[in-house]
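Worksheet: the structure to be examined is printed underneath.
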Amino acid sequence: MNTRPVQFVRVLAGLAACTLVSSAFATIALGERGNVQIGGFFSQGYLDSSENNYPTASKGGTWDFREMAVNVSTTLGSHLRLGGQAFAQRFGNLGDDKVILDWAVADYNFTPAFGVRVGRVKYPKGLYGEALDLDVVRPYAFLPNAVYSVVMRDFSAAFNGGMIYGSVNVGKSSFDYKAFYGDIPMSQRQGVADFYGALGLYPGTGPTILGMKSVYGGQLVWNTPISGLKAVYSYSQFNELETDGPLKPAPMFNAHSNIDRFSWNTYSLEYLRGDWSFAAELQRCHGDIVYGAPPVVPSINDKAGWDGWYVSAARRFLGRFEAGAYYGNLHQAYSSGFQKDTAVSLRCDLSEHVTVKAEYHWIDGTMQTFDSARIPNPVISQNNNVFAVKTTFSF
């Protein structure tokens, strides 16, 4: 029996329940004094990859390509904001349409120069790290994989902890800052497990145990005196990433890996002028890894990391259309693995609430093309083409 319609109904019911419960609590708390804002989106797409299951199990085409969310927010007085979002996705064999808490915060803004945000907080990385769910603000079905891995979305979208933030005017420009500390829960169900599975240490299902002690970092945005131009620097560090699981060639032995510190440095530029938008980002990710499965495989000290960059341009035309293109380059820092991705995209706004996108990718290289239980690629091709079409309804 096909269980997908049943799962789909459960997802919609779960999102509806989150909306009703959140709205009820907000209304009870505020009475007639406050305001409640409810929004969200639903997107359904089709994904087809020519040679590999990339970025997920889509060779031959799949309709398992959708996202949906409901968010509720409100204000208490002039300084406190409360809000949260329930989110679900189906991305090939990832996500399973399971409803999760995407973000939920209590935000107190003392002054424009200083505020505090606590809860499940969006992760500030690059230009669009905090806007992964805002599909309607860009022409692309997929952000450049060289900086924003779609497989890691369920892992890298938010953290549990706190943040301070603010904005300071300096002459004709201004600076926005953020500093944060917390942790990111990890599990075998997330896309990050496929990254670890690619090490060859674990079987196709990846490690059975994944954990991280903490994450901290910050972001500085310079809104330059040139109208529409901003520069962003983002830094974050993962501390004590550890994994355990059965050794791939000998499952009776336990394999273990540890990355004491893994740093992310992201440099970004964005320029908006009239109907045009341009962006460029460079991201460098590095750390030292220790892995092995004693006594079968002695512990090995190695380096892990990659560098990625992209440039993009997009233009709105005829009122409701937007065309965009980008070139991304991703390569392993300590080996020869690489991926070059050229993408073109066309967006049409059918109405204020309905958007349709069509996108095509020419990909050279096999980096981040996994051979795992959820994204099987027993024979990986050097060249691959990806076609995606996506419709989003937002409210």
Query raised in the report: Of all residues in the stretch 188-243, how many are surrounded by 23 or more Cβ atoms within 10 Å (Cβ to Cβ), more than 25 Å from GLY161 (Cα to Cα) and hydrophobic (A, V, I, L, M, F, W, C)?
Result: 1
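In the list SER257, SER263, SER236, SER187, which residue meets the criterion of being closer than 22 Å to GLY287 by Cα and assigned to a loop (DSSP other than H, G, I, E, B)?
On the way: SER257 fails: assigned to a loop (DSSP other than H, G, I, E, B); SER263 fails: assigned to a loop (DSSP other than H, G, I, E, B); SER236 fails: assigned to a loop (DSSP other than H, G, I, E, B).
Just one listed residue meets the conditions, SER187.
Can you tell which of ARG315, ARG374 is more than 30 Å from ARG189 (Cα to Cα) and either part of a strand (DSSP E or B) or touching a residue at least 24 places away in the same chain (Cβ under 8 Å) (or both)?
Working: ARG374 fails: more than 30 Å from ARG189 (Cα to Cα).
Being more than 30 Å from ARG189 (Cα to Cα) and either part of a strand (DSSP E or B) or touching a residue at least 24 places away in the same chain (Cβ under 8 Å) (or both) holds for just one of ARG315, ARG374, which is ARG315.
Regarding the stretch 332-343, can at least one residue be identified that is in contact with a Pro (Cβ under 8 Å, 6 or more places away or on another chain) and either among the aliphatic types (A, V, I, L, M) or without any contact (Cβ under 8 Å) to a residue 24 or more places away in the chain (or both)? Even if it seems obvious, please write down each step before you answer.
Looking only at the stretch 332-343, we keep the residues that are in contact with a Pro (Cβ under 8 Å, 6 or more places away or on another chain), and these are 341, 343.
Next, only the ones that are either among the aliphatic types (A, V, I, L, M) or without any contact (Cβ under 8 Å) to a residue 24 or more places away in the chain (or both) stay: 343.
So far as the stretch 332-343 goes, yes, one or more of its residues are in contact with a Pro (Cβ under 8 Å, 6 or more places away or on another chain) and either among the aliphatic types (A, V, I, L, M) or without any contact (Cβ under 8 Å) to a residue 24 or more places away in the chain (or both).
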Query raised in the report: Can you find even one residue in the stretch 159-175 that is modelled with pLDDT of 95 or more, within 30 Å of ILE375 (Cα to Cα), surrounded by 15 or more Cβ atoms within 10 Å (Cβ to Cβ) and out of contact with any Phe, Trp or Tyr (no Cβ under 8 Å at 6 or more places or on another chain)?
Result: yes
Query - Residue match in the stretch 322-331 (condition: surrounded by fewer than 19 Cβ atoms within 10 Å (Cβ to Cβ) and charged (D, E, K, R)) - result: no
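Tell me which residues, restricted to the stretch 141-176, are more than 14 Å from the chain's Cα centre (by Cα), touching a residue at least 24 places away in the same chain (Cβ under 8 Å) and over 15 Å from VAL121 (Cα atoms).
In the first step, residues of the stretch 141-176 are kept if they are more than 14 Å from the chain's Cα centre (by Cα); the result is 160-176.
Those still in the list that are touching a residue at least 24 places away in the same chain (Cβ under 8 Å) too: 160-168, 171-176.
Correct list: GLY166, SER167, VAL168, GLY171, LYS172, SER173, SER174, PHE175, ASP176.
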Requested in this report: Considering only residues that are in contact with a Phe, Trp or Tyr (Cβ under 9 Å, 6 or more places away or on another chain) and among the charged types (D, E, K, R), look in the stretch 267-296 and name the one that is surrounded by the fewest Cβ atoms within 10 Å (Cβ to Cβ).
Outcome: ASP275
Query raised in the report: Somewhere in the stretch 152-168, is a residue of a type in the set (Phe, Trp, Tyr) and in a loop (DSSP other than H, G, I, E, B)?
Result: no
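The values are calculated or read from the model by the stated rules, or taken from the named source; none is laboratory data. Quick caveat: nothing in here was measured; it's all calculated off a predicted structure. Please note: Cβ atoms are built from the backbone with ideal geometry, for glycine as well, and neighbour counts cover all protein chains shown.
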